[in-house]
Amino acid sequence: MRGSTHLIAGAALGVMAGSLVGGPAELVAGGVVGGLGGIISDVDHPGSMAGRWLRPVAVWLEERSHHRDSLTHTFWFCAAAGFFLGYIAWILTGEPVLIAAGVLACLSHLVLDGMTRSGVRPFRVWLPRLKLRNLRHGDKAFPGTKASWLNWNRFVDKVEYWTGRRFRGRFYTGKSPVEPLIEIASLLVIAAVGYFELSPFIFNGDNLEIYRTLAKLFG
Ligand SMILES: [Zn+2]
């Protein structure tokens, strides 16, 4: 899924979460946290928006694992990163609901990428394998120990097999009409929530006086 879709969909979720407590500042904060949360997973790819901002991190991650096969495209990372982003916003604005904005937006990245052909493996875990270069089953040099060491590595293989299930959909990133559709739907959500939540602040009596004054000055 392309970056703009992640950004706008994440922002829409953030704005919706922000609207639970209302107020212009909460909506904007929700939108910013949601937008950031939506794109942060692609930091494992230097060509992405997040990857361009944090290029050294992106290069390091891409060298270690292919795009979408890194830690940042897992449920574990998204839950933690979304919570962290939301927590910072909570401290800055005093609104704990922004944690929901961050977590929802981060997880939306996995859902959207999971709709594409390449898919995601959200529940992967990584365990360290023991290095057994010169140690084979039946080696006399290490009687007793080698079997359990080999068992550990077999256990790691199994865990990676169980947790490594790939979730994938039918869409091609950058070519599918579903991406502009999601973007338009998300923009409509942002516009609708913004209108219903902000109109009382914009069109109250005090502001109308200001508008009249401005109209006299410039009109
Ligand atoms: Zn992605």
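Laboratory data are not the source of any read-out in this text; all were calculated from the coordinates shown. Since we're looking at a predicted model, the values are computed, not measured. Cβ sites come from the backbone with ideal geometry, for glycine too, and all protein chains shown count toward neighbours.
Remarks
- Result for the chain in a Gaussian network model with C-alpha springs under 10 Å: among TRP60, TRP90, TRP76, the largest mean-square fluctuation is at TRP60.
- Summary value for the chain: 24 percent relative contact order, contacts being C-alpha pairs under 8 angstrom separated by 6+ residues.
- Residue exposure proxy: THR74, THR163, ordered by other Cβ atoms within 10 angstrom of their Cβ from fewest to most, comes out as THR163, THR74.
- Where labels lie 7 Å past Cα in the beta-carbon direction, separation of ARG170 and TRP152 in nm: 4.7
- Choice from ARG124, ARG165, ARG154 showing the highest fluctuation, given a GNM over the chain with Cα pairs closer than 10 Å: ARG154
- Residues ILE184, ILE40, ranked from the fewest to the most other C-beta atoms within 10 Å, line up as ILE184, ILE40.
- Label-to-label distance, nm, for residues given as SER199 and VAL57 (7 Å Cα→Cβ offset): 4.0
- Fluctuation leader among LEU130, LEU104, LEU27 - the chain, Gaussian network, Cα springs under 10 angstrom: LEU130
- Contour minus Cα-Cα distance for SER65 and ALA185 (0.36 nm per residue): 39.9 nm
- With R₀ fixed at 45 Å, the C-beta to C-beta distance from TRP126 to ASN207 puts the FRET efficiency at about 0.25.
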